[in-house]
Amino acid sequence: MSGAAPAIRVEGVAQSFDARVIFQDVSFEVARGEVFVVLGGSGCGKSTLFKQMIGLLRPTEGRITVAGHDTVAEVEAVRREIGVMFQSGALFGSMTLLENVMLPLTVFTDLPSAARAEIARVKLALVGLAEAANRLPAEISGGMAKRAAIARALALDPPILFLDEPSAGLDPITGAGLDRLILDLRAALGCTFVVITHELASIFAIADRCLMLDREARGMIALGVPRELKAAATHPRVRAFFNREEDPA
């Protein structure tokens, strides 16, 4: 990863809605091939930053580039470089898992139907759902739905994947399996991952580095390797988060 241009660069970014400031002066880079986690308590701006990075929300201030493309001026180019898994999975209930994964291929390519189906089967196999291709979302577990959503995010072979709360609502064993899947996909495909989460177990399992946002500070209060932040953080809310303690305030 060293020496290469970053997969993502965030420079002096802020977001406010009318007079309400969500965060300001947020700057960081995500290296190619890195698993980068954005974390923090409720209301700190994790989802807002997520929307900015995938081109759904224009920052009030600052600039974000993804794979060298500006998320405001070149939003269509950005979207060709990324795959997104939203927190709920956002699978279409009337479509089978195979049809859900085929959807980006149908919309964005001219491949024949048989080729689209074959690619979708490969993506489902990558996430351990080869045998579930013909099931509907209502017929599978929450963990399987998250895996299917990741398979759909992989459909167009994007170099960068954004995952919003992938472990939310899952039991610890299923969540650990999803963490393992993220690491396996990174190893197999060389993808860059940006993961939004507040799950401590997942953070320690998958993150190369993490960024912590804070609602009271209205910005970032930590950036680094999770275990180093746990051991040596000086900010009281960073220490409290990583050591699962009560809010010092």
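Val37: surrounded by 15 or more Cβ atoms within 10 Å (Cβ to Cβ) and either among the acidic types (Asp, Glu) or within 24 Å of Ala188 (Cβ to Cβ) (or both), yes or no?
Numbers: surrounded by 15 or more Cβ atoms within 10 Å (Cβ to Cβ): yes; either among the acidic types (Asp, Glu) or within 24 Å of Ala188 (Cβ to Cβ) (or both): yes.
So Val37 fits the description; yes.
Of the candidates Leu91, Leu56, the single residue that is out of contact with any Gly (no Cβ under 8 Å at 6 or more places or on another chain), farther than 20 Å from Gly190 by Cβ and buried (at least 17 other Cβ atoms within 10 Å of the Cβ) is Leu91. Suppose we filter region 160-193 for residues that are closer than 16 Å to Arg147 by Cα, touching a Leu at 6+ places or on another chain (Cβ under 8 Å) and in a strand (DSSP E or B); how many remain? The total comes to 2.
Take Gln15 and tell me if it is over 15 Å from the mean Cα position of the chain (by Cα) and either surrounded by fewer than 17 Cβ atoms within 10 Å (Cβ to Cβ) or not acidic (Asp, Glu) (or both). For Gln15, the condition - over 15 Å from the mean Cα position of the chain (by Cα) and either surrounded by fewer than 17 Cβ atoms within 10 Å (Cβ to Cβ) or not acidic (Asp, Glu) (or both) - is met. Residues in region 63-88 that are within 18 Å of Gly143 (Cβ to Cβ) and surrounded by fewer than 20 Cβ atoms within 10 Å (Cβ to Cβ): Phe86, Gln87, Ser88. Among the residues of region 200-221, those identified as surrounded by fewer than 22 Cβ atoms within 10 Å (Cβ to Cβ), touching a strand residue (DSSP E or B) at 6+ places or on another chain (Cβ under 8 Å) and either on the phi > 0 side of the Ramachandran plot or not in a loop (DSSP other than H, G, I, E, B) (or both) are Arg209, Asp214, Arg218, Gly219, Ile221. For region 122-135, does any single residue satisfy the condition of being among the small types (Gly, Ala, Ser), within 19 Å of the chain's Cα centre (by Cα) and not in a helix (DSSP H, G or I)? So far as region 122-135 goes, no, none of its residues is among the small types (Gly, Ala, Ser), within 19 Å of the chain's Cα centre (by Cα) and not in a helix (DSSP H, G or I).
Could you list all residues from region 8-37 that are among the aliphatic types (A, V, I, L, M) and closer than 20 Å to Pro158 by Cα? Let's see the steps before the verdict.
To start, the set of residues in region 8-37 that are among the aliphatic types (A, V, I, L, M) comprises 8, 10, 13-14, 19, 21-22, 26, 30-31, 35, 37.
If the condition is that a residue be among the aliphatic types (A, V, I, L, M) and closer than 20 Å to Pro158 by Cα, then Ile8, Val10, Val30, Ala31, Val35, Val37 are the ones that fit.
All conditions in (1) touching a residue at least 40 places away in the same chain (Cβ under 8 Å); (2) touching an Asp or Glu at 6+ places or on another chain (Cβ under 9 Å); (3) surrounded by fewer than 20 Cβ atoms within 10 Å (Cβ to Cβ) hold for Leu183, with the sole exception of (2). In region 109-121, of all residues being in contact (Cβ under 8 Å) with a residue 24 or more places away in the chain and outside any loop (DSSP other than H, G, I, E, B), the one that is nearest to Gly175 (Cα to Cα) corresponds to Ala120.
Every number in this text was worked out from the coordinates using simple rules, so none of it is lab data. On a predicted model such as this, the values are computed, not experimentally measured, just so you know. Don't worry about glycine lacking a Cβ; one is built from the backbone with ideal geometry, like all the others, and counts go over all protein chains shown.
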